Amino acid sequence: STVAQAIVTAVTTGAELFGNPISEGKAVFMSAEQSVSSITKPRFRKMGAKLGSIICPDGVDENDDPIPFVLDKAGIAELREVCLDVRPKIVVIDTVTAYIEASRDFNSANQVREWMRRLAEIARVTPCAVVLIGHLNKNQNAYPLQRVMGSMDFVGASRAVLLVGKDPDDQDTRGLCVIKS
């Protein structure tokens, strides 16, 4: 989440990212795991993001906890309309499994592939980058691509997969690795 927020900050400010200049633009940031007003926006503010360029389409309950809209057919159509209206350079969905409708099996390759195809269509027509944040499963002996929670089609349908993790020799250091491109 922190890396995705740093990327969104770079997009909204036109800053350099990993040594490359980025043209300034808008972002859609969807977070099912943290409060927009008490966690997400203060983090963006601290990073120096332009808050007016970040759209957070999720609702909140009386405790300011997120109420993510479900990315079923209707939700994806709504996200598509938001993207067509706003024209973001990036859409972040954090975490991907929190947005999949309950009736969809995110361990099923054909169900995940069809869902990913709908997101790819949003990226194609807008155009924007769609960043999905996922978690790792508990199989520490597996190859990194096999550690992504859910169907391997999350990995298979993605153009690139990055892994953020702790340095085994220094628990205060994080690494960002490309595991598919």
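Does Val3 satisfy the criteria of being open to solvent by 30 Å² or more (accessible area, probe 1.4 Å) and under 28 Å from Gly175 (Cβ atoms)?
Yes.
Go through the stretch 157-181 and give me each residue that's in contact with a strand residue (DSSP E or B) (Cβ under 9 Å, 6 or more places away or on another chain) and either within 21 Å of Tyr99 (Cβ to Cβ) or among the aliphatic types (A, V, I, L, M) (or both).
Residues satisfying the conditions are Ser158, Arg159, Ala160, Val161, Leu162, Leu163, Val164, Leu176, Val178, Ile179.
Scan the stretch 142-179 residue by residue and report those that are within 20 Å of Arg113 (Cβ to Cβ), open to solvent by 50 Å² or more (accessible area, probe 1.4 Å) and touching a residue at least 24 places away in the same chain (Cβ under 8 Å).
Within the stretch 142-179, Met149, Met152 meet the criteria.
Residues are listed down the side, and each one gets a yes or a no for (1) small (Gly, Ala, Ser); (2) over 17 Å from the mean Cα position of the chain (by Cα):
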{"position": "Asn141", "(1), (2)": "no, yes"}
{"position": "Pro144", "(1), (2)": "no, yes"}
{"position": "Gly156", "(1), (2)": "yes, no"}
{"position": "Arg159", "(1), (2)": "no, no"}
{"position": "Leu163", "(1), (2)": "no, no"}
{"position": "Asp167", "(1), (2)": "no, yes"}
{"position": "Thr173", "(1), (2)": "no, yes"}
{"position": "Ile179", "(1), (2)": "no, no"}
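Any residue at all in the stretch 120-141 that's of a type outside the set (Gly, Ala, Ser), in a loop (DSSP other than H, G, I, E, B) and crowded, with 19+ Cβ neighbours inside 10 Å?
yes
Go through the stretch 1-104 and tell me which helices (runs of 4 or more DSSP H), entirely inside it, have 1 or more residues that are of a type in the set (Gly, Ala, Ser) and modelled with pLDDT under 95.
Hits in the stretch 1-104: 2-13, 73-86, 96-99.
The values are calculated or read from the model by the stated rules, or taken from the named source; none is laboratory data. Worth saying up front: this structure is predicted, and the values here are computed from it rather than measured. Neighbour counts run over all protein chains shown; Cβ positions are idealised from the backbone, glycine included. All accessible areas refer to the heavy atoms of the entire protein, side chains included, with ligands and DNA or RNA removed. Shrake-Rupley method; radii C 1.70, N 1.55, O 1.52, S 1.80 Å.
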